[in-house]
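The values are calculated or read from the model by the stated rules, or taken from the named source; none is laboratory data. Only a predicted model underlies this, so the values are computations on that prediction, with no experimental measurement involved. FYI the Cβ positions are ideal-geometry reconstructions off the backbone, even for glycines, and counts take in every protein chain you see. All accessible areas refer to the heavy atoms of the entire protein, side chains included, with ligands and DNA or RNA removed. Shrake-Rupley method; radii C 1.70, N 1.55, O 1.52, S 1.80 Å.
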Amino acid sequence: MQYADRTGRSLGGSTLQDRFLEDLYASFLGRMLIKPLVHPAVSKICGAFLDSPLSAPFIPGFMKSAGISTEGCETPAGGRYRSFNAFFTRRMLPQARPFDARDHILCSPCDGFASVYPIHKNMRITIKHTEYTLDQLLRDSGLAVRYTGGTALLLRLTVSDYHRYAYVDRGRRSSYRRIPGVLHTVNPAAACRRPVYKENSREYSLLRSGSFGTVLMMEIGALMVGKIVNHHKAYTSIDVFRGQEKGYFAFGGSSILLLFQPHTVTIDRNIMRNTALDVETRVRMGEAIGQVMKSN
């Protein structure tokens with residue numbers, strides 16, 4: 001996999017982790033080894049350890065290897081993080097990830113690597129060279145029809161990214177739906193070989209937005225992600241605002257999938273160009289990545 005910034009400047013190719021996962025998922029022995037690791041119970045056990053004070057000593061080494069700085073983050077209670085997950089799910093100050101306030105601008109809901117895909121008239125979508133139907137992703141054929149001919153935007157978070165995410169616009173948010181599953185890595189090495197986005201645990205809700213129609217926002221868990229934490233689950237529906245925190249992922253890589261109805265948004269050309277070249281585009285929470293589709 002190749003990575004680039006918004007100008008198209010290359011950020012490098014496959015990392016050591018990418019190559020390791022490619023070898024793992026490409027071989028029969030590797031797939032047998034990974035099979036027990038993707039069970040949610042394994043992630044829950046690891047998550048329990050990462051929530052405990054015993055995991056705190058691992059923070060400095062992880063920060064160094066992942067190139068993470070706490071600049072722009074809220075100061076933890078007592079001046080230090082009580083556990084690895086307390087650090088991993090740290091909250092940044094609002095000014096560190098400002099959202100573009102213009103109504104017609106679509107902002108990224110999170111940090112990560114962006115790719116954009118058309119949703120075809122037969123309700124099929126090809127993500128990372130793997131074909132899905134919307135019905136497989138949503139488990140709701142009636143809802144799937146509403147996004148036929150629209151646009152799918154995938155944002156893949158790596159372990160070095162900020163793991164909180166926000167609503168892309170003001171509007172009325174529906175209740176959540178949770179679909180249980182396993183927890184494959186969402187690294188392209190796996191996504192190119194397995195239909196991870198229909199196999200992994202995921203949650204989604206609808207946002208009847210002020211600018212972009214009814215947006216479907218799905219959070220997808222991944223290997224070693226013990227939990228997806230979405231706020232306000234108890235409410236059937238709730239009014240939200242642009243940039244309001246929707247939730248966060250515990251440790252691990254993970255993804256957010258946004259589905260837009262036809263004729264509602266236009267994703268920026270640089271992201272579309274990079275995706276066509278099989279290149280993921282680095283974006284940050286609050287950054288402009290598209291706009292309302294102009295009527296002819």
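So the values come out like this:
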| item | result |
| --- | --- |
| Per residue, the convex hull volume that the Cα atoms of segment 96-290 enclose (Å³) | 105 Å³ |
| Exposure of Thr236 as accessible area (Å², to 10), given a probe of 1.4 Å and all protein chains | 110 Å² |
| Exposure of Arg91 as accessible area (Å², to 10), given a probe of 1.4 Å and all protein chains | 90 Å² |
| Efficiency of FRET from Cβ geometry, Lys294 and Ser52, R₀ 41 Å, rounded to 0.05 | 0.20 |
| Net length gained if the chain between Gln95 and His231 were fully extended (0.36 nm per residue, minus Cα distance) | 46.8 nm |
| Accessible area of Asp239 in the full protein assembly, 1.4 Å probe (Å², nearest 10) | 100 Å² |
| Theoretical FRET efficiency, 1/(1+(r/R0)^6), r = Cβ-Cβ of Thr70 and Asp239, R0 45 Å, to 0.05 | 0.90 |
| Entries of Lys64/Lys233; Lys64/Lys128; Lys121/Lys227; Lys44/Lys233; Lys198/Lys246; Lys128/Lys294 with Cα pairs more than 25 Å apart | Lys64/Lys233; Lys64/Lys128; Lys121/Lys227; Lys128/Lys294 |
| Theoretical FRET efficiency, 1/(1+(r/R0)^6), r = Cβ-Cβ of Gln2 and Thr133, R0 35 Å, to 0.05 | 0.80 |
| Descending Cα extents along the principal axes, segment 208-296, whole Å | 42, 32, 20 |
| Tensor-based shape of segment 108-178 (alpha-carbon gyration tensor, a/c under 1.5 rounded, otherwise prolate or oblate) | oblate |
| Zero-based 5 Å bins, Cα pair distances in segment 244-296, whole percents | 4, 12, 20, 25, 20, 12, 5, 1, 0 |
| Backbone N under 11 Å from the Phe62 label point (7 Å along Cα→Cβ), restricted to segment 81-97 | 82-90 |
| Segment 198-249: radius of gyration and largest Cα-Cα distance (Dmax), Å | 12.2, 35 |
